[in-house]
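Student: Handing you a structure now.
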Amino acid sequence: MADLDAIRRAFCQQTYLFRNTGFAKMLKRGLVAADLVEAICRDTPEIIDDYAADDRGPACLVLGWADLARPLHVVVGYGDSPDVPIEVVTVYEPDARQWYNHRVRRK
């Protein structure tokens, strides 16, 4: 199960990593690392989905807010022990056509 406190610590202390294409995807979407840090470290981010059994390793979907107005979804890979680094799988701004209130997927 995802540990939001551990995820926040990794982002606030900037000890997180990017998985394979995570950094490129972030830049392609016009985002920078500071947006991620702000979204996860400021206010109260939420884990809105947990993918503990994902084939690529456990991950979760975190909703945070950059600039206090722009929602960001950050898919974060996490390990089962403190030795495994927190990793950004991907990050994007949720599309209102696909999400209700940035928290629930539309059918």
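The values are calculated or read from the model by the stated rules, or taken from the named source; none is laboratory data. On a predicted model such as this, the values are computed, not experimentally measured, just so you know. Glycine also receives a Cβ, built like all others from the backbone with ideal geometry; neighbour counts cover every protein chain displayed.
Student: Select from the range 57-88 the residues that are outside any strand (DSSP E or B), closer than 16 Å to Ala6 by Cβ and not hydroxyl-bearing (Ser, Thr, Tyr) and list them in ascending order. Walk me through it before giving the result.
Tutor: Just the residues of the range 57-88 that are outside any strand (DSSP E or B), to begin with: 57-58, 67-69, 78-86.
Those left that are additionally closer than 16 Å to Ala6 by Cβ: 57-58, 78-86.
Answer for the range 57-88, where residues must be outside any strand (DSSP E or B), closer than 16 Å to Ala6 by Cβ and not hydroxyl-bearing (Ser, Thr, Tyr): Gly57, Pro58, Gly79, Asp80, Pro82, Asp83, Val84, Pro85, Ile86.
Student: Checking Leu68 against (1) surrounded by fewer than 10 Cβ atoms within 10 Å (Cβ to Cβ); (2) modelled with pLDDT of 90 or more, which test does it fail?
Tutor: The number of the failed condition is (2).
Student: For the range 50-59, does any single residue satisfy the condition of being of a type in the set (Ser, Thr, Tyr), buried (at least 16 other Cβ atoms within 10 Å of the Cβ) and farther than 24 Å from Trp99 by Cα?
Tutor: No; the residues of the range 50-59 include none that is of a type in the set (Ser, Thr, Tyr), buried (at least 16 other Cβ atoms within 10 Å of the Cβ) and farther than 24 Å from Trp99 by Cα.
Student: Restricting to the range 9-56, what's the tally of residues that are in a loop (DSSP other than H, G, I, E, B) and either within 22 Å of Arg105 (Cβ to Cβ) or not small (Gly, Ala, Ser) (or both)? Break it down stepwise before answering.
Tutor: Of the residues in the range 9-56, the ones in a loop (DSSP other than H, G, I, E, B) are 13-16, 19-21, 29-32, 42-45, 52-56.
If we keep only those that are either within 22 Å of Arg105 (Cβ to Cβ) or not small (Gly, Ala, Ser) (or both) as well, we get 13-16, 19-21, 29, 31-32, 42-45, 52-56.
Residues meeting the conditions: 19.
Student: Which of the residues belonging to the range 82-107 are surrounded by fewer than 11 Cβ atoms within 10 Å (Cβ to Cβ) and on the phi > 0 side of the Ramachandran plot?
Tutor: The answer is Asn101, and nothing else.
Student: Follow-up question, since we're still on this one. Output yes when any residue across the range 37-49 is touching a Gly at 6+ places or on another chain (Cβ under 9 Å), of a type in the set (Val, Ile, Thr) and surrounded by fewer than 16 Cβ atoms within 10 Å (Cβ to Cβ), and no when none is.
Tutor: The answer is yes; a qualifying residue exists.
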